[in-house]
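Encoded as structure tokens, the structure appears first; notes follow it.
Just so you know, all these numbers are worked out from the coordinates, no wet-lab data involved. Please read all numbers here as calculations on a predicted model, not as lab measurements. Glycine gets a Cβ as well: all are built from the backbone with ideal geometry, and neighbour counts include every protein chain shown.
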Amino acid sequence: MKPLVHAVVGCGRVAPNHVDGFTALPDAELRWACDRDLSRARALAREYGLPRVASDVREVLADPEVDSVSVAVDHAGHHELVAAALTAGKHVLVEKPLAMTVEDGAALTALAERAGRVLSVVSQHRYDPVVTAVRDWIAEGLLGRLVSGTVSLQCGRDDAYYAESYWRGTFAGEGGSALVNQGYHALDVTRWLTGGLTVVGAATGHTAPRGGMETEDTVAAVLRGPQGALVTYQVTVASSITWRTRIELVGTDGSVLFDLDHPGTLHLAEGGDALRAAAGTVRGQVSPPPAGIGYYGISHRRQIADFAAAVRDPRHTMAADGTAGLETLRLLREMYRTAGSEGGAAPAGAVGGGARSAGGGGAAAPSGTAAVAR
């Protein structure tokens with residue numbers, strides 16, 4: 001079997017997780033490290049043994065043997081680079097979000113369909129053992145009917161994190177901050193577990209801005225599941241805690257409480273005997289250490305294996321395909337609009353009304369490639 005030849009475009013904070021995941025595959029070859037800052041590409045290639053480097057993505061996409069690429073650049077660069085890769089006939093794994101706007105995201109999923117190529121948005125926590133177990137329990141009815149949920153993320157981002165970057169904390173480069181960047185995975189996982197969410201109300205806050213950031217540092221929302229469950233969701237990047245994500249789901253027959261951090265920890269599973277027995281199995285699992293930043297976890301490996309399976313077999317259905325990424329993008333843009341902001345922070349205390357239609361503004365992607373940081 002021909003090895004899957006892969007390139008990493010964007011050699012910043014999350015790139016080691018992509019390298020690790022493709023290295024773990026038995027039939028993959030990591031060939032290219034690409035970044036518009038060539039020194040970053042060279043550093044990644046040197047550390048992990050990638051044979052080729054480039055500062056121009058066109059050089060990578062012109063390689064006829066490259067089957068797939070990871071796009072791990074600033075948010076504003078996603079649409080242009082994903083479109084270029086799909087047009088060149090490459091399969092694409094892109095870091096979240098899929099694009100800056102719903103329109104651009106929909107265009108990318110349509111392009112992938114026309115090109116017959118796999119498009120996947122990184123949602124690695126969908127693959128965490130705790131999350132997949134909770135999804136199974138919900139499907140099996142062990143929680144009964146979902147009635148409520150609480151989702152919270154608190155993390156600390158200092159002045160330097162924003163001040164040293166040309167794109168973080170800006171509407172044009174990040175499209176928001178606390179929600180679209182740090183809060184994305186908690187929102188995505190909760191939407192997946194509940195079967196979909198709509199916005200009841202939302203507010204963004206510019207409460208303790210870091211490093212001159214334009215965008216929100218805090219967001220709060222009330223969301224509704226398809227069977228009426230009400231979910232409260234809150235994120236801040238102004239905490240003294242480095243990172244903690246916690247999700248609680250309450251059903252008529254059982255409740256669960258777990259973290260998405262590494263390792264994903266199941267704190268509580270109360271209900272019938274079947275739920276308690278299943279919880280005991282999950283608590284006994286041991287996760288290997290993550291390849292990169294700790295709270296990214298280890299599940300890039302699992303998503304990358306799923307991605308490779310979809311590339312090999314067009315009949316394979318991914319848990320985190322482009323359509324899933326588009327739906328999460330649609331939800332978070334709806335939250336921004338409901339809060340009274342198309343791209344980030346509303347005035348302090350601003351609260352929107354109900355959910356509004358999809359759409360929204362965004363910025364044109366810059367040419368070239370860049371490093372990503374979350």
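Return the loop-located GluC sites (Glu not before Pro) in region 87-186 (DSSP other than H, G, I, E, B) with at most 15 other Cβ atoms within 10 Å of their own Cβ; answer none if there are none. Taking region 87-186 and a limit of 15 other Cβ atoms within 10 Å, the loop GluC sites (Glu not before Pro) found are Glu140, Glu164.
Approximating the spin labels as points 7 Å out from Cα along Cα→Cβ, the Thr198-to-Thr232 distance works out to 2.2 nm. Of the GluC sites (Glu not before Pro) found in region 1-88, those in coil by DSSP whose Cβ has at most 14 other Cβ atoms within 10 Å are Glu65.
Computed from the C-beta positions of His267 and Arg52 and an R0 of 30 Å, the FRET efficiency is 0.10 to the nearest 0.05.
For the chain, a Gaussian network of Cα nodes joined below 10 Å ranks His267, His185, His91 by mean-square fluctuation, and the top entry is His267. Note on region 127-183: along the principal axes its Cα atoms extend 48, 23, 19 Å, ordered by decreasing extent.
Roughly what % antiparallel, to the nearest 5, for the DSSP beta bridges in the chain? Once the DSSP bridges in the chain are tallied, antiparallel ones form about 55 percent. Quick one, which of (1) 17.2; (2) 18.7; (3) 26.9 is the actual mean projected area of the Cα convex hull in nm² calculated for this model? Looking at mean projected area of the Cα convex hull in nm² for this model, the match is (1). Available extension along the chain between Asp136 and Arg315 is 62.2 nm, counting 0.36 nm per residue and deducting the alpha carbon span. Scanning the chain for DSSP H helices at least 20 Å long along the axis (C-alpha atoms) with a Kyte-Doolittle mean no lower than -0.5 picks out 322-338.
Summing -39500 (n - 2.57) over the DSSP H runs of n ≥ 4 in the chain and dividing by its residue number, what mean residue ellipticity at 222 nm do you reach, to the nearest 500 deg cm²/dmol? If you can, show how the numbers build up before the last one.
Details: 12 runs with 121 residues, N = 374.
About -9500 deg cm²/dmol.
Charge tally for Val250 (other residues, Cβ to Cβ under 12 Å; Lys, Arg +1; Asp, Glu -1): -2.
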